[in-house]
1. Would you please list the contacts, defined by Cβ atoms under 6 Å and residues six or more apart or on different chains, that run from a residue in region 34-61 that is more than 17 Å from LEU74 (Cβ to Cβ) and surrounded by 15 or more Cβ atoms within 10 Å (Cβ to Cβ) to a residue that is modelled with pLDDT of 95 or more and among the hydroxyl-bearing types (Ser, Thr, Tyr)?
2. Take the residues of region 54-92 that are under 16 Å from ARG26 (Cα atoms), among the aliphatic types (A, V, I, L, M) and assigned to a loop (DSSP other than H, G, I, E, B): which is modelled with the highest pLDDT?
3. Restricting to region 27-53, name every residue that is polar (S, T, N, Q) and part of a loop (DSSP other than H, G, I, E, B).
Amino acid sequence: MSRRSSKKPLREPGLIPVPGDLLDWRDAKHFDRWQDRPCALCQQPTPMRSHYGEPAHKSCAKDWVAANPTEARLGRFASDVQPKRRRGDDHA
């Protein structure tokens, strides 16, 4: 069912979350402000996009990762790459 098998990610995915963990999609490129499309998982309209451009609500993607832990390791849904912390950038 995965449509992305021949596609490359539009942006570099980061870590695949452990089932139950949150997806970190902070990058604005996950949001299409021009067009809602049906979520690939629930078919309801969403402006959210995965790293592969697949329309998906973040909550649907998180639930899919929890329900499909083996397939999730293939990277269908992943968090954003986190910038490396700089020295002295220790905010409490």
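1. Listed pairs, sorted by first residue: CYS39/THR46; PRO55/THR46; HIS57/THR46.
2. ALA56
3. GLN35, GLN43, GLN44, SER50
The values are calculated or read from the model by the stated rules, or taken from the named source; none is laboratory data. The shown structure was predicted, so the numbers you read here are calculated from the model rather than taken from an experiment. Positions of Cβ are generated from backbone atoms using ideal geometry, with glycine treated the same way; all protein chains shown enter the neighbour counts.
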